[in-house]
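**Q** Sharing a structure below in structure tokens format, with a few things to ask.
The values are calculated or read from the model by the stated rules, or taken from the named source; none is laboratory data. For clarity, every value in this text was computed on a predicted model and none was experimentally measured. Cβ atoms come from the backbone with ideal geometry, glycine included; neighbour counts cover every protein chain shown. The accessibility values were calculated without ligands, DNA or RNA, using every heavy atom of the protein model including side chains. Shrake-Rupley method; radii C 1.70, N 1.55, O 1.52, S 1.80 Å.
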Amino acid sequence: MGKKVIVIDDSQTVRQQVGRALSEAGFEMIEAVDGKDGLIAIRNTADLAMAICDVNMPGMNGLDMLEALSSSGSKLPVLMLTTEGQSELIARAKKWGAKGWIVKPFKPEMLVAAVKKLTAA
Amino acid sequence: MEKHEICALLNETLQGAADGIFEHLGVAVEYGDEPETEVHDFACSIGFTSKTLRGNLTLTAREAFLAQTRPKEVRHGVASEFELCDWMGELGNQVLGRFKNRLLITGNAIVLGTPAVLSGFQIQRRRGRMPLYAERLAKTEVGSLAMHVTAEATGDFAIAGSGDRSSAMPEGELQLF
């Protein structure tokens with residue numbers, strides 16, 4: 001099996017788009033529907049290579065999830081995938097250890113290249 | 001700013017957001033002027049707020065329009081009602097995200113809510129009581145999407161001077177840190 005990646009987004013459409021792009025590139029996909037669900041899944045999944053996370057989600061948003069993850073000592077690479085492009089939000093993600101930011105909509109080949117790079121280590 | 005100036009700004013911003021979305025989706029649309037006469041099957045509503053502007057984006061759409069515009073990667077056979085509701089919410093998310101990113105250039109940063117979606121019969125949106133509004137109706141050969149922004153602004157709402165404007169990271173772009 002390929003490396004495991006979790007996609008955290010409240011939209012099934014987006015989870016399917018990401019899942020299809022990365023599955024075809026050989027990654028094993030796991031899904032979560034919001035930040036809280038994402039934290040639980042990350043904690044309970046062994047050998048996770050990275051996370052792709054939306055920002056605006058009900059319950060716990062992606063930036064709060066990132067902060068909680070960082071505060072727990074996790075070194076899991078996180079790539080934010082969101083409609084947000086505001087520099088202050090990007091700076092906040094950087095501060096809490098995100099490895100990258102994509103503004104939707106995304107090109108599958110760009111996402112695959114970024115995931116391959118971030119999971120290469 | 002005067003009410004008509006803010007409405008003009010909201011209309012221009014909504015048009016720019018819509019153009020960007022349909023270009024990305026590869027859907028050729030024509031724009032009409034009478035959103036309230038259209039009857040739709042799905043609706044999505046997302047709130048937004050800032051110190052000087054707060055309001056709501058509402059989309060309503062025909063089922064055929066949503067089915068036609070779903071990303072091709074997820075189109076397998078006939079879409080279920082759940083899948084169309086999900087796409088309605090994500091479409092609203094992307095329209096409002098582009099709206100926000102374009103408004104940033106004017107120095108106004110809004111905080112976005114999350115979509116609420118419903119499906120039903122003969123859904124028609126009414127303009128309501130907010131003093132500011134922007135409306136667009138996008139039509140294809142199979143159906144239509146109505147987009148409404150309603151808002152209210154404080155007296156401090158303004159377009160920032162060139163030194164105070166900010167730009168958003170462009171749609172489709174990747175930054176690795």
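**Q** Of A:Lys104, B:Lys139, which has the most accessible area with a 1.4 Å probe, and how do the rest follow in descending order?
**A** The residues order as B:Lys139, A:Lys104, largest area first.
**Q** Rounded to a whole number, what % of the accessible area of the protein assembly as shown do carbon and sulfur atoms account for, probe 1.4 Å?
**A** 49
**Q** If you don't mind, there's one more thing I want to ask. Any idea how far apart B:Tyr31 and B:Ala64 come out in nm if each label point goes 7 Å out from Cα toward Cβ?
**A** 2.4
**Q** Between B:Thr154 and B:Phe82, what's the calculated FRET efficiency when r is the beta-carbon distance and R0 is 45 Å? Round to 0.05.
**A** 0.70
**Q** Report the label-to-label distance for A:Leu76 and A:Glu28 in nanometres (one decimal), using points 7 Å from each Cα along the Cα→Cβ vector.
**A** 1.5
**Q** So, R0 is 22 Å and r is the distance between the beta-carbons of B:Arg126 and B:Val39; what FRET efficiency does that work out to, to 0.05?
**A** 0.95
**Q** If r is the Cβ-Cβ distance from B:Ala8 to B:Phe177 and R0 is 30 Å, what FRET efficiency results, to the nearest 0.05?
**A** E between B:Ala8 and B:Phe177, to the nearest 0.05, is 0.20.
**Q** Sequence neighbours fewer than 8 away in the same chain don't count; with that in mind, list the lysines whose C-alpha is under 24 Å from A:Lys107.
**A** Once the sequence-local lysines are set aside, what remains near A:Lys107 is A:Lys3, A:Lys4, A:Lys94, A:Lys99, A:Lys116, A:Lys117, B:Lys72, B:Lys100.
**Q** Multiplying the sequence separation of A:Thr45 and A:Glu88 by 0.36 nm and subtracting their Cα-Cα distance, what value in nm do you get?
**A** Contour length minus the Cα-Cα distance gives 12.4 nm.
**Q** While we're here: Tell me, which residues of segment B:131-177 get at least 50 Å² less accessible area when the other protein chains come in, versus the chain alone (1.4 Å probe)?
**A** Residues losing area: B:Met169, B:Gly172, B:Leu174, B:Leu176, B:Phe177.
**Q** Contour minus end-to-end for B:Met1 and B:Ser166, with contour as 0.36 nm per residue of separation and end-to-end as the Cα-Cα distance?
**A** 57.4 nm
**Q** Right, another one. Ignoring ligands, DNA and RNA, how do B:His76, B:His40 rank by accessible area with a 1.4 Å probe, largest first?
**A** B:His76, B:His40
**Q** Taking all protein chains together and a probe of 1.4 Å, list B:Met169, A:Met1 from the most accessible to the least accessible.
**A** A:Met1, B:Met169
**Q** Rg/Rh for segment B:109-177 to two decimals, with Rh computed the Kirkwood way over all alpha-carbon pairs.
**A** 1.05
**Q** Evaluate the distance, in nm, between pseudo-label points positioned 7 Å from the Cα of A:Met110 and of B:Val142 along their respective Cα→Cβ axes.
**A** 2.6
**Q** What's the whole-number percent of alpha carbon pairs in the protein assembly as shown lying beyond 32 angstrom?
**A** 27
**Q** With just the Cα atoms defining each centre, how far is segment B:2-24 from segment B:32-79? Give it in Å.
**A** After rounding, the separation between the Cα centres reads 15 Å.
**Q** If you don't mind, another one. Give the accessible area for A:Glu28 in Å² (nearest 10); use a 1.4 Å probe, count only protein heavy atoms, and leave out ligands, DNA and RNA.
**A** 50
**Q** Take chain A, connect every pair of alpha-carbon atoms lying under 10 Å apart with a spring to form a Gaussian network, then pick out the residue of A:Ala49, A:Ala68, A:Ala98 with the largest mean-square fluctuation.
**A** The residue with the greatest mean-square fluctuation here is A:Ala68.
**Q** Have a look at the DSSP beta bridges in the protein assembly as shown and tell me what percent are antiparallel, nearest 5.
**A** About 70 percent, rounded to the nearest 5.
**Q** Further question: Leaving out ligands and nucleic acids, and using a 1.4 Å probe, what accessible area per residue does chain B come to in Å²?
**A** Solvent-accessible surface per residue comes out at 48 Å².
**Q** How long are the three semi-axes of the equivalent ellipsoid for chain B, computed from the Cα gyration tensor as the root of 5 times each eigenvalue, in whole Å, largest first?
**A** Square roots of five times the eigenvalues give 27, 20, 14 Å.
**Q** Along its three principal axes, how long is segment B:33-74 when you only count alpha carbons? Whole Å, largest extent first please.
**A** 38, 30, 16
**Q** By how many nm would the segment from B:Ser50 to B:Asp19 lengthen if fully extended, with 0.36 nm per residue of separation less the alpha-carbon distance?
**A** Between B:Ser50 and B:Asp19, full extension yields an extra 8.7 nm.
**Q** Summing Lys, Arg as +1 and Asp, Glu as -1, what charge do residues with Cβ under 11 Å from the Cβ of B:Gly143 carry, B:Gly143 excluded?
**A** Here the charged neighbours net out to -2.
**Q** Helix-derived [θ] at 222 nm for chain A: sum -39500 (n - 2.57) over DSSP H runs of at least 4, divide by residue count, nearest 500?
**A** So the calculated ellipticity at 222 nm is -13000 deg cm²/dmol.
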